[in-house]
Amino acid sequence: AQRVTQPEKLLSVFKGAPVELKCNYSYSGSPELFWYVQYSRQRLQLLLRHISRESIKGFTADLNKGETSFHLKKPFAQEEDSAMYYCAPKGEGQNFVFGPGTRLSVLP
Amino acid sequence: DSGVTQTPKHLITATGQRVTLRCSPRSGDLSVYWYQQSLDQGLQFLIQYYNGEERAKGNILERFSAQQFPDLHSELNLSSLELGDSALYFCASSVRRTAVTGELFFGEGSRLTVL
């Protein structure tokens, strides 16, 4: 069965500290992995996708197929990073499966 | 605004009632997805339509139904409402049948409260 876990419901860090939001998935085949973000009073939106190997707003995510993980990282958190983050694997021809989400709170 | 629009934004109703949530996808998008987000829960996929036809079904209750019309807007009908149906219902759209580019565009959601 397809499953994605984000073990932390809430993660609080101080501004300037590194942050890592964990995501583990259980998925048949080789899914594509995405991170979505929802800032306060904004719509849920795509943050980044692993296939692009991109860095968005200083965030990167490494796909570890051996550990089936796709953790989101940023070396220096900013207050504007406070938001709800969802990990979302997607199999070919299949729909997104969203994780339960992690609320990141960056403290001043 | 050519983004995904959902109406109503808020809806309060009583148990046993029936409501309809409406979604207009982004201009040019053919796929519409419905998700439910209950308190402290992630997004649960309900159903997807592509160009008027049902394409995929998730954890959608039999009391719920949806359709996509020729103009591509979609409606989610929730009937015999129960307290547990209180949630935020999101609509999302994408260009293609399987969101090949990997991006879903979300609406702001419709918050349903069942009393």
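The values are calculated or read from the model by the stated rules, or taken from the named source; none is laboratory data. Predicted model only: the values in this text are computed from it and were never measured. Positions of Cβ are generated from backbone atoms using ideal geometry, with glycine treated the same way; all protein chains shown enter the neighbour counts. Ligands, DNA and RNA are stripped out before the accessible areas are found, and what is left, the full protein with its side chains, is counted by its heavy atoms. Shrake-Rupley method; radii C 1.70, N 1.55, O 1.52, S 1.80 Å.
Hey, any hits in the range A:63-80 for a residue that's within 14 Å of chain B (Cβ to nearest Cβ) and farther than 21 Å from A:Arg3 by Cβ?
Applying the first criterion (within 14 Å of chain B (Cβ to nearest Cβ)) to the range A:63-80 yields A:63, A:70.
Those still in the list that are farther than 21 Å from A:Arg3 by Cβ too: none.
No, every residue in the range A:63-80 fails to be within 14 Å of chain B (Cβ to nearest Cβ) and farther than 21 Å from A:Arg3 by Cβ.
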**Study point:** Any hit, the range A:95-104, residues being under 10 Å from the mean Cα position of the chain (by Cα), away from chain B (no Cβ under 14 Å) and assigned to a strand (DSSP E or B)
**Key:** no
Exercise for review: Please enumerate the residues belonging to the range A:69-82 that are touching a Ser or Thr at 6+ places or on another chain (Cβ under 8 Å) and open to solvent by 50 Å² or more (accessible area, probe 1.4 Å).
Suggested key: A:Lys73
Point to revise | Condition met for B:Ala66 (over 30 Å from A:Lys9 (Cα atoms) and over 13 Å from the mean Cα position of the chain (by Cα)) | key: no
Revision key, fill the gap. Being in contact with a Ser or Thr (Cβ under 8 Å, 6 or more places away or on another chain), at pLDDT below 90 and surrounded by 17 or more Cβ atoms within 10 Å (Cβ to Cβ) narrows A:Tyr85, A:Tyr27 down to just A:Tyr27
Practice item. Report, ordered by the first and then the second residue, all pairs with beta carbons closer than 7 Å, sequence separation of six or more or different chains, a first member in the range A:53-81 that is under 15 Å from A:Gln38 (Cα atoms), and a second member that is surrounded by 13 or more Cβ atoms within 10 Å (Cβ to Cβ) and of a type in the set (Phe, Trp, Tyr). Key: A:Leu72/A:Trp35; A:Leu72/A:Phe59; A:Leu72/A:Tyr85
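Taking the condition of being part of a strand (DSSP E or B) and among the charged types (D, E, K, R), how many residues in the range B:38-78 meet it? Give the steps one after another, and end with the answer.
Going residue by residue through the range B:38-78, those that are part of a strand (DSSP E or B) are B:43-50, B:53-57, B:64-68, B:74-78.
This time we only want the ones that are among the charged types (D, E, K, R), so: B:53-55, B:57, B:75.
The total comes to 5.
When the residues of the range A:1-32 are filtered to those that are assigned to a loop (DSSP other than H, G, I, E, B) and under 15 Å from the mean Cα position of the chain (by Cα), which remaining residue is farthest from A:Ala61 (Cα to Cα)? Steps first, answer last, please.
Step one: filter the range A:1-32 for residues assigned to a loop (DSSP other than H, G, I, E, B), giving A:1-2, A:6-9, A:15-18, A:22-23, A:27-31.
Still in the list and also under 15 Å from the mean Cα position of the chain (by Cα): A:6-9, A:18, A:22-23, A:31.
Working: A:Gln6: 14, A:Pro7: 16, A:Glu8: 17, A:Lys9: 19, A:Pro18: 13, A:Lys22: 10, A:Cys23: 10, A:Pro31: 15 Å.
Filtering first and then ranking leaves A:Lys9.
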Review point. Would you say B:Glu54 is touching a strand residue (DSSP E or B) at 6+ places or on another chain (Cβ under 9 Å), open to solvent by less than 70 Å² (accessible area, probe 1.4 Å) and not aromatic (Phe, Trp, Tyr)?
Key: no
Check your understanding: Among the residues of the range A:11-24, which ones are open to solvent by 40 Å² or more (accessible area, probe 1.4 Å) and at pLDDT 95 or above?
Key -> A:Ser12, A:Phe14, A:Lys15, A:Pro18, A:Glu20, A:Lys22
